[in-house]
Amino acid sequence: MSEFKQTFNSSLGKKLIMALTGLFLCTFLIVHLGGNLLLFKNDQGFAFNSYANFLTHFPPIEVVAYILYVSIIIHSVYALVLTIKNRRARPVGYAVQPKSPASWSSKNMGVLGSILLLFIVIHMGDFWFTYKYNNILGFKEYKTNQITGETTVTDFTPSNPDFERSYSTENNVEIVRVKDLHARIQWSFSHLWYVVFYVIAMGAVSFHLVHGFQSAFKTLGWVHRRWNGVVYFIGTWLFAVVIPVGFALMPIVYYIQSLSK
């Protein structure tokens, strides 16, 4: 067995892979939140539907997306393997639990990760799979007058069953026809159970990242007193506060809006 293979079959190697895939997923969360903030634009889903269409039809983005899916699987599997290995190494607990400086989140990464994995499966099934492979979504037609900037929105029914999107300009009017994923989001976030589960999952994201982000840097050996404070600040405020809160606000706002309809 080569030295490289031995390294990545060891516990340290698995932790290194988890650290790298974890940091990649953290980067994705920043980009994903930025795109999803388009939901807060009062444009009847124009910006968000255009964004969703771009994500699913731009080849480089699609390649990155599949790398993301593989990273999620690897991160989850290696976390499970390491958890099982650690429990087998100590099948019988301490008679008296020793005092430990470890945080609650670090002690419960397995539970937090399980909640997140369940959330990812439901979330991707509800939105990604529905968008890509389920024909239940309707279409919207957005006509924007390029002189006045005014946009009108109507439902659109394509004559071709394989139709996915179109962009054209006629008489200084930009016409965009795309799948209406925004309507699916409105429908999903009108259900209280889904909103509650989403918010709980974002709580799990917060606790998972407040430990995981800093732990990844330690595993990779990227530790130095000059930037430890920066890593702690980013891990705590960006990944454990700003990002989870940003995601959680979406279902809450849409649920409140659904009550007034």
Query raised in the report: Taking R0 as 30 Å, what's the FRET efficiency between Phe28 and Val196 from their Cβ-Cβ distance, rounded to 0.05?
Result: 0.75
**Report entry** Kyte-Doolittle at least 0.5, axis length at least 15 Å by Cα - qualifying DSSP helices, the chain
**Finding:** 11-36, 59-89, 109-123, 192-219, 243-259
Query raised in the report: Taking the Cα atoms of the chain alone, what are Rg (to one decimal) and Dmax (as a whole number) in Å?
Result: 22.2, 80
Query raised in the report: How would you rank 73-81, 157-165, 202-210, highest first, on the average number of other Cβ atoms within 10 Å across their residues?
Result: 202-210, 73-81, 157-165
Report task. Note the full-extension length gain between Trp187 and Val64 as 0.36 nm times their separation in residues minus their Cα-Cα distance, in nm to one decimal. Result -> 41.5 nm
Query raised in the report: Under a 5 Å amide H to amide H cut-off, with H placed in plane at 1.01 Å, what residues pair with Asp180 once short-range neighbours are removed?
Result: Gly138, Phe139, Lys140
Query raised in the report: What span do the alpha-carbon atoms of the range 138-179 cover on each of the three principal axes, reported in whole Å from largest to smallest?
Result: 33, 15, 12
Query raised in the report: When the label point is put 7 Å from the Cα of Ile147 along its Cα-to-beta-carbon vector, which residues of the range 163-185 have a backbone N closer than 15 Å?
Result: 170-174
Query raised in the report: For Lys132 and Thr236 in the same chain, what is the full-extension length gain: residue separation times 0.36 nm, less their Cα-Cα distance, in nm?
Result: 34.0 nm
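Once the convex hull of the alpha carbons of the range 148-261 is built, what does its volume come to per residue, in cubic angstrom?
Working: hull volume 24.8 nm³, N = 114.
It is 217 Å³ per residue.
Readers should treat all values here as calculations from the given coordinates under stated rules, not as data from a laboratory. Everything numeric here is computed off the predicted structure, so don't read it as measured data. A quick note on method: Cβ atoms are made from the backbone with ideal geometry, for glycine too, and the neighbour counts reach across all protein chains shown.
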